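Data block below; observations after.
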């Protein structure tokens with residue numbers, strides 16, 4: 001079982017296979033192991049039969065996590081928090097930084113009672129708008145947004161799925177479950193300390209990086225436009241000489257799309273052909289002059305037909321200018337560049353652009369794909385999409401505006417129109433806070449309250465069944481189920497006892513305080529290599545075994561099993577040093593243009609700060625002796 005555990009961790013960290021595939025393979029290995037090499041108790045019952053290993057998929061805490069995901073999706077569908085976060089947005093540059101501060105505080109507070117992923121999805125476009133208003137790089141504020149959401153999740157039982165899974169594992173070990181506010185005070189101290197670090201140091205540690213749009217646009221004073229080359233265009237056959245195309249004076253060609261492929265600079269020797277789509281950057285004056293002389297160059301065939309049809313309807317009653325000439329109808333809609341980010345619940349995940357048929361289904365063309373801050377330019381149609389991917393698209397302003405209603409992605413830029421607050425927002429807010437109140441007061445258990453809240457969201461029309469099922473993250477479902485099965489296997493085969501014994505025998509950790517500090521450090525490191533949920537399931541039984549190894553009277557204010565369980569909660573939430581440790585880190589990688597090393601640079605010191613803070617809390621709040 002230890003070898004299986006090491007193999008599973010290696011596979012999860014390497015990510016050569018999708019997480020779901022690795023989870024299924026792990027579950028299959030465990031099921032076969034239980035049948036071929038059964039572990040029997042005194043009565044002869046197999047402790048590793050299918051019923052025992054698959055029981056994790058019916059775990060109440062897992063059901064609660066999935067129900068909370070559905071409730072979070074309902075908050076997105078109804079735009080329930082938009083009007084609240086919109087209160088912080090200011091067009092005044094002097095107040096914009098203050099608005100960013102209040103947004104971060106708001107996200108940290110709300111994440112204590114709401115799933116972090118939908119909250120960050122809601123906040124990303126708002127933070128982008130604020131960054132633009134103060135002329136700040138998104139890389140300065142996107143990582144802090146993810147970090148404060150994780151910090152806020154440390155303060156209550158439902159603040160993170162990790163917390164619920166730790167509580168479930170504690171119950172499985174025969175102890176009382178964690179209460180809703182049992183660790184709120186130490187969690188708030190941890191979150192407050194981390195927030196100060198995030199606010200003062202993280203923005204200064206991150207490099208300023210231009211967005212993918214800026215890389216194509218170049219100078220801020222230039223505008224980007226799309227030039228469609230028609231068969232009768234005078235540009236057909238023009239060759240690039242010394243970096244310039246004749247006929248495109250004062251225009252900087254950034255890329256050429258030809259038959260679904262991108263041609264990038266340098267263009268020396270490239271000849272323009274019919275059907276090319278050229279992305280150019282030029283000043284407003286240059287674009288206006290060129291457009292007035294050659295309007296057809298900027299239009300696709302479909303748009304040309306629309307303009308021709310509109311022009312045929314002009315009659316003598318049409319408006320005329322001062323010289324008596326007929327003023328033609330307004331031209332086609334301006335095209336704009338925009339970025340969209342694939343959401344975790346998107347139907348397009350694991351599908352290629354060719355499979356999605358993006359341009360035919362939505363209208364805009366895809367210019368590039370950005371994955372973990374790297375632009376993918378070759379064979380775009382064959383790249384399978386993942387959650388957090390950022391697509392750079394070009395299309396009509398109204399089409400991109402309409403895409404904001406699609407739950408498969410969020411529009412990061414390109415539309416300035418504010419969406420109205422949907423009529424179901426008050427209903428969603430009432431259901432959400434009623435659920436929180438019922439769970440916090442203990443009138444209903446958290447799984448029952450969460451499930452009833454999800455059903456209430458559906459019943460009240462805040463989202464439909466299809467949207468609810470899409471909100472259920474299959475990665476979480478399969479990962480948690482397979483890891484619970486692995487935990488069961490380690491428990492019945494003695495693997496947990498062995499690992500706990502090895503940790504207990506570390507010579508310098510012979511007191512509860514230093515043992516808790518060592519456990520915190522081990523879990524905090526592992527959670528950045530694996531996932532927070534997997535760490536919670538794997539280390540909680542070990543923590544309980546360690547707590548049982550000490551006398552009952554060593555802690556003066558709290559019992560040891562509770563302290564060590566909370567230790568796992570805090571440490572498993574320290575997913576700051578890696579983008580794969582927590583989903584919100586992955587979501588901000590594209591908008592912030594981050595590299596893997598950026599999370600190491602900013603996250604490792606934060607983990608260290610929280611570790612020291614925890615040692616102080618363990619000694620003076622929990623009363624652990626040295």
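To make sure I understand, if each residue's beta carbon is the centre and we count other beta carbons within 10 Å, what order do 232, 497, 276, 389 fall in, fewest to most? Before the final figure, lay out each step's value.
Details: 232 8, 497 14, 276 20, 389 23.
Placing the least packed residue first, the sequence is 232, 497, 276, 389.
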Check: C-alpha center region 1-59 vs C-alpha center region 610-626, spacing in Å is 36
Can you tell me the Rg and Dmax of region 99-145, counting just the alpha carbons, in angstroms? 10.4, 32
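Counting other C-beta atoms within 10 Å, which of 142, 278 has the fewest, and how do the rest follow?
Working: 142 27, 278 24.
Fewest-to-most Cβ neighbours within 10 Å comes out as 278, 142.
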Taking the Cα centre of each part, how many Å lie between region 523-538 and region 116-195? 16
Report, in whole Å, the centroid distance computed from the Cα atoms of region 581-605 and region 496-521. 30
Treating each Cα of region 489-550 as an identical point scatterer and ignoring solvent, apply the Debye formula and state log10 I(q)/I(0) at q = 0.17 Å⁻¹. -0.56
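Output the Kirkwood hydrodynamic radius of region 487-626, Cα pairs only, in Å rounded to one decimal.
On the way: mean 1/r = 0.0638 Å⁻¹.
The answer is 15.7 Å.
For each of 135, 501, count neighbouring Cβ atoms within 10 Å of the residue's Cβ, then give the residues from fewest to most.
Working: 135 9, 501 14.
Least to most surrounded, the residues fall as 135, 501.
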Please report the projected area of region 566-626's Cα convex hull averaged over all directions, in nm². 4.6
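Laboratory data are not the source of any read-out in this text; all were calculated from the coordinates shown. Note that the coordinates shown come from a computational prediction; the quantities given were computed from them, not determined experimentally. Glycine also receives a Cβ, built like all others from the backbone with ideal geometry; neighbour counts cover every protein chain displayed.
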